[in-house]
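Comments concern the structure below.
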Amino acid sequence: MPDPVAINSMFARVARRYDLANRVLSCGMDLWWRRRLVAAVRHHAPRDVLDLATGSGDVAFALARGLMPPVRITGMDFCEPMLDEANLKKTAANDPRYHDIVFRPGDGMALPLPDASFDTVTISFGLRNMADRARALREMRRVLRPNGRLYILEFSQPHRAFRSLYYFYLLRISPWIAGLVTRERSAYEYLGSSIEKFPDRANLSAEISSAGFSRVSASSLTFGVVALHEAVSDS
């Protein structure tokens, strides 16, 4: 089970080079994964979006660029240095599309938000870092309005033919590269381990259903390395 204090400290240490590390380690695929997420969210034309575990804000910014206005986006994370990076990027961009983005602190397992306050919740590469996934999923359902939509973009278990090569890269090569980029190799050794232990698409879909969601679906991306889960809060 992830230790929230250790996770917070880890992300605080890599905050300034987090975006660069993501781009390098994914060979730029993180941009395409976000585009797939935004396209899925855009289909339902939301007006109030919570981007949970927003980190440095890349998903929140992508949503603001890709969704039809007016849309209000709340980016929430429990790591203050990551939120600092998000706010710095927002200020530096000076993009009018970002004016309705608000970044604020919050723990995904106890969201400081009222019931039924959003029509859409997104979380990208953050669910596996929750100490209690079931509790976090229930919190996401709590803050969604009836017929609200949940989108989870997360690492998954790759297709069998690709698995050995992928895990060799993930566990042996990527921490070394990340160490050069961030000077925090141990952080990315943890991340590789967390991906290896994370449920596959079917099992995560079952966890989402158990949290009270319906119409759960999962799309496999990049040989199964990543999956985009979608679900509906009926009540």
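Note on region 1-40 and region 169-229: Cα centroid distance 11 Å, given to the nearest whole angstrom. In angstrom, the C-alpha Rg and Dmax of region 68-177 are 17.1, 45. Each other residue within a Cβ distance under 14 Å of Leu221 adds +1 if Lys or Arg and -1 if Asp or Glu, for a net charge of 0.
Quick one: plug the Kirkwood hydrodynamic radius of the chain (C-alpha pairs) into Stokes-Einstein at 25 °C, 0.890 mPa s, and report D in µm²/s. Before the final figure, lay out the partial values.
Details: Rh = 17.8 Å.
Using the Kirkwood radius from Cα pairs, D works out to 138 µm²/s.
In a fully extended conformation the segment linking Ser26 and Ser117 would gain 29.4 nm over its present Cα-Cα distance, using 0.36 nm per residue.
Report note on the peptides 162-168, 10-16: ranked by the mean count of other C-beta atoms within 10 Å, highest first, their order is 10-16, 162-168.
Readers should treat all values here as calculations from the given coordinates under stated rules, not as data from a laboratory. Note that the structure is a prediction, hence the values are computed from the model and not measured. Here the Cβ is made from the backbone with ideal geometry for all residues, glycine too, and neighbour counts use every protein chain on show.
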